[in-house]
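The structure appears below as structure tokens.
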Amino acid sequence: ISAYTSRTNPQSLVNNVPILSTLRALQPDVFGNPLSQIGQSVLSNLNIRYVIVHPLTMGGEERDVTNRVLSEVFGDAPPVAAEPNLIAYRVSTTTANYPTLALGQGWSAPSLESGRALREVGALARILVMARTAGEFSLEIEAQANSTDAVYALMQGDVRLGEARFSASQPTHWQTTVPTVAGQSPLELRQQSGGSIKVYSIITGVIETK
């Protein structure tokens, strides 16, 4: 049970998944896939069937960001309802099948560095994968160590899916393949040596069924 009222709950799903985190914070996050590519998969994996917007109740920046996000997610698809203060879109379940990553314990709130989003990770960071079908997908992380080079292992339970070394001198791109089940499956980034890292981007590939 969450009981936050006057301040943000940092562990809330709204703050830690693509689309919703942007709409909540009105700023970029580290999810690197274009919303036109993964947007409807994200909503479908969250069991969201309709997106309803009340334009007249939003301020300038909120309205601008919301309209941009909706345009990227739904493209040319017409809304199923369009009134002055009620616009509704139906979420498609037939779009490309991308997993949804929900960032859990161990991830900082997003911040900006020279206009670019980042989240910091220390000794352990959890990721929840949500998917419509079982299969496997590619996962690419771009990150930079804060002080000394850092080594992290990506774990799925007791299975090591890969190990990445992140440089302190420049961002490092690291990619691996992740198996997933239909529903939810947890991952962990575990620090093996070195210090914390700044994650600039997380990109997922489409799920390939076996």
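The values are calculated or read from the model by the stated rules, or taken from the named source; none is laboratory data. Computed from a prediction, not measured in an experiment: that's the story for all the values here. For neighbour counting, all protein chains shown are included, and Cβ atoms are generated from backbone atoms with ideal geometry for every residue, glycine included. The protein model used for the area step is the full one, side chains on, heavy atoms only, and it has no ligands, DNA or RNA in it. Shrake-Rupley method; radii C 1.70, N 1.55, O 1.52, S 1.80 Å.
Yes or no: segment 131-140 includes at least one residue that is outside any loop (DSSP other than H, G, I, E, B), surrounded by 14 or more Cβ atoms within 10 Å (Cβ to Cβ) and at pLDDT below 95.
Scanning segment 131-140, I find at least one residue that is outside any loop (DSSP other than H, G, I, E, B), surrounded by 14 or more Cβ atoms within 10 Å (Cβ to Cβ) and at pLDDT below 95, so the answer is yes.
Yes or no: Glu62 open to solvent by 50 Å² or more (accessible area, probe 1.4 Å), among the charged types (D, E, K, R) and closer than 29 Å to Glu142 by Cβ?
yes
Please report, ordered by residue number, the strands (runs of 3 or more DSSP E) entirely within segment 83-123 with at least 2 residues that are open to solvent by 40 Å² or more (accessible area, probe 1.4 Å) and hydrophobic (A, V, I, L, M, F, W, C).
In segment 83-123, the matching strands (runs of 3 or more DSSP E) lie at 86-90.
Mind counting the residues in segment 51-74 that are within 16 Å of Leu26 (Cβ to Cβ), free of Cβ contacts under 8 Å to residues at least 40 places away in the same chain, not polar (S, T, N, Q) and not in a loop (DSSP other than H, G, I, E, B)?
Total meeting the criteria: 10.
When residues of segment 193-208 are filtered for being out of contact with any helix residue (DSSP H, G or I) (no Cβ under 9 Å at 6 or more places or on another chain) and in a strand (DSSP E or B), how many remain?
The qualifying residues number 9.
Only one of these is in contact with a strand residue (DSSP E or B) (Cβ under 6 Å, 6 or more places away or on another chain), farther than 20 Å from Gln105 by Cα and small (Gly, Ala, Ser): Ala143, Ala134, Ala150, Ala168. Name it.
Answer to the selection: Ala168.
Consider segment 169-186. How many of its residues are surrounded by 15 or more Cβ atoms within 10 Å (Cβ to Cβ) and aliphatic (A, V, I, L, M)?
Summing the residues that are surrounded by 15 or more Cβ atoms within 10 Å (Cβ to Cβ) and aliphatic (A, V, I, L, M) in segment 169-186 gives 1.
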